[in-house]
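Read-outs: derived from the displayed coordinates by stated rules, not from any lab. In this text the structure is predicted, and so the values were computed from the model without any measurement. Cβ placement follows ideal geometry from the backbone for every residue including glycine, while neighbour counts extend to all protein chains displayed.
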Amino acid sequence: MPSDTSSTQPFIDYLKYEKRYSQHTIRAYTDDLAQFFTFVQGNFGDTTLPEINASFIRTWLANLKADDMTGKTLNRKISTLKSFFKFHLRQGTITQNPTTTLISPKIKKRLPVYVEKTDINLLFEHVAFPDDWTGKTERLMLQVLYQTGMRLSELINLKETAVDKYHSSLKILGKGNKERILPCNAALINELLEYVATKKTEIEGADSSIVFVNKKGKKLNPRTVWEISNKYLGQVTTVDKKSPHVLRHSFATHLMNNGAELNAVKELLGHSSLAATQVYTHNTIEKLKDVFKKAHPKA
């Protein structure tokens, strides 16, 4: 059986240093491969990497499916193995890729959950936030998430130097260390600059490299931001999901419903391809259907 250091580690290093994947993604790849090799060892005994064939992989996947694993998770594990064996084929460790005949199960696409504009207005115009540092942080954070569509990780890592007053924009470091510029209205930029200035005077020893900090001056953790989003969205909407990502979905959906071009939304979201952005066109179509049903005499 190939050891972690001989087969898995070079691949993980490639993901970490060349592809620059996030720690979360790298952990998922590492766990998938460990699970696969444990299965192969337990069911087929000592096996070298070139000896692993498609039937080994299909047996593993069938075993996972029998345990009621979702299609989405199965697809991720297939993707992990495809990337792993493609890497080793390039490295010359193997001469044949055992994953070339694998077919990922089809998954019914779910429309992104989003918050209606009236509920967003209700959140920022009528919901009471605490009149202290925590309240200021919570409100401004939610504003930034909705007005820019940035990811949770991009929010908590937003640099003070990224706030550009003269161009009314934010410079974001997204997935794969790709930079993008997000336009903002002047009011939001001024609120961010005021927040940073207040932080320097009110929060002793506050982290000056990033914008958002808690009352102790420390960087926010993802769980905290998720809890804040869930708390306040729960006051204005009944949608099932109330995570920070729902505000990103809302940003994109509202842009599309107001006639924004798909390519422009793709750039703003930092998607690598149009395929990921196209899901928002479905929400737009559903909106048009709704208008048709309500307004057309023959609907």
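Quick notes
- Looking across the stretch 105-142, the residues that are crowded, with 18+ Cβ neighbours inside 10 Å and more than 18 Å from the chain's Cα centre (by Cα) come down to Ile120, Leu123, Trp133, Lys136, Thr137, Glu138, Arg139, Leu140.
- Identity of the residue in the stretch 229-243, hydrophobic (A, V, I, L, M, F, W, C) and surrounded by 19 or more Cβ atoms within 10 Å (Cβ to Cβ), that ends up farthest from Ala162 (Cα to Cα): Val236
- Residue among Lys175, Lys200, Lys242 that alone is over 20 Å from the mean Cα position of the chain (by Cα) and basic (Lys, Arg): Lys200
- Residue count, the stretch 232-254 (criterion: touching a residue at least 24 places away in the same chain (Cβ under 8 Å) and farther than 14 Å from Met150 by Cα): 9
- Residues satisfying the stated conditions in the stretch 25-45, i.e. closer than 15 Å to Leu61 by Cα and hydrophobic (A, V, I, L, M, F, W, C): Leu33, Ala34, Phe36, Phe37, Phe39, Val40, Phe44
- Subset of the stretch 210-224 (residues that are loosely packed, with under 12 Cβ neighbours inside 10 Å and either among the polar types (S, T, N, Q) or touching a helix residue (DSSP H, G or I) at 6+ places or on another chain (Cβ under 7 Å) (or both)): Asn221
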